[in-house]
Amino acid sequence: MDKLFGLPAHPFLVHIPIVLLPLSALGTVAIVARRKWYLAYRWVVLAIALVGTGGAVLASSAGEELEGRIVAVEGPQAASGWEHHAELGETARNIALVYVVLLAAYVIIPWLLERRRASPAADGSAPDVEAAGTAQRWLRPMLAALALLAGVASMVTIVQAGHTGSKSVWQETVKPGGG
């Protein structure tokens with residue numbers, strides 16, 4: 001996606017991950033903190049993270065296209081100042097992908113284990129409640145810790161990428177000492 005409304009798409013698309021990934025990271029903290037909130041909001045937090053991660057992928061792709069257009073119009077020197085921002089954007093996209101996978105694991109795996117524990121086995125025998133309970137004792141805390149760490153990393157990298165991008169734009173638009 002190169003353009004939206006006749007303008008470069010990247011500045012529009014970056015707002016999706018900038019807003020939604022930190023929001024989902026805070027939501028992850030909330031659902032880890034209280035079991036009641038986990039049960040009530042896990043799917044909402046996961047949906048927000050999925051949309052935010054999709055936005056990060058789109059923004060990264062649009063940024064690469066914008067960088068290519070800048071190089072074509074103004075030459076390779078014009079894009080050299082944006083290299084750090086582009087690297088941070090790629091890192092933010094990749095960490096967002098890891099975060100959404102770990103958050104999905106934290107939401108879906110315990111949900112599947114709970115369903116399996118509650119339903120009878122295919123052969124009509126009682127479900128293996130003890131095995132499912134043992135798996136949940138260590139699995140949920142581990143997945144929660146990984147989702148929290150990835151959420152924090154995602155939030156930090158998104159903020160860093162956004163900061164360098166906005167700083168680059170404003171430094172080129174408003175020159176120090178006037179203008």
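For the residues R42, R35, R69, the requirement of being touching a helix residue (DSSP H, G or I) at 6+ places or on another chain (Cβ under 9 Å) and among the basic types (K, R) singles out R42. In the range 1-22, the residue that is surrounded by the fewest Cβ atoms within 10 Å (Cβ to Cβ) out of those that are closer than 22 Å to V101 by Cα and out of contact with any helix residue (DSSP H, G or I) (no Cβ under 6 Å at 6 or more places or on another chain) is H15.
Here Q77 fulfils each of the conditions (1) of a type in the set (S, T, N, Q); (2) within 22 Å of M142 (Cβ to Cβ); (3) more than 19 Å from the chain's Cα centre (by Cα) apart from (2). In this structure, does A104 turn out to be surrounded by 15 or more Cβ atoms within 10 Å (Cβ to Cβ), at pLDDT 85 or above and at negative phi? Spelling it out, A104 is indeed surrounded by 15 or more Cβ atoms within 10 Å (Cβ to Cβ), at pLDDT 85 or above and at negative phi. Figure legend. Inter-residue proximity from the range 22-50: first residues closer than 10 Å to G151 by Cα and free of Cβ contacts under 8 Å to residues at least 40 places away in the same chain, second residues assigned to a helix (DSSP H, G or I) and among the hydroxyl-bearing types (S, T, Y), beta-carbon distance below 7 Å, spacing 6+ or different chains. Indicated pairs: G27/Y41.
The values are calculated or read from the model by the stated rules, or taken from the named source; none is laboratory data. Note that the structure is a prediction, hence the values are computed from the model and not measured. Quick reminder, even Gly has a Cβ in these numbers, built from the backbone with ideal geometry, and neighbours come from all protein chains shown.
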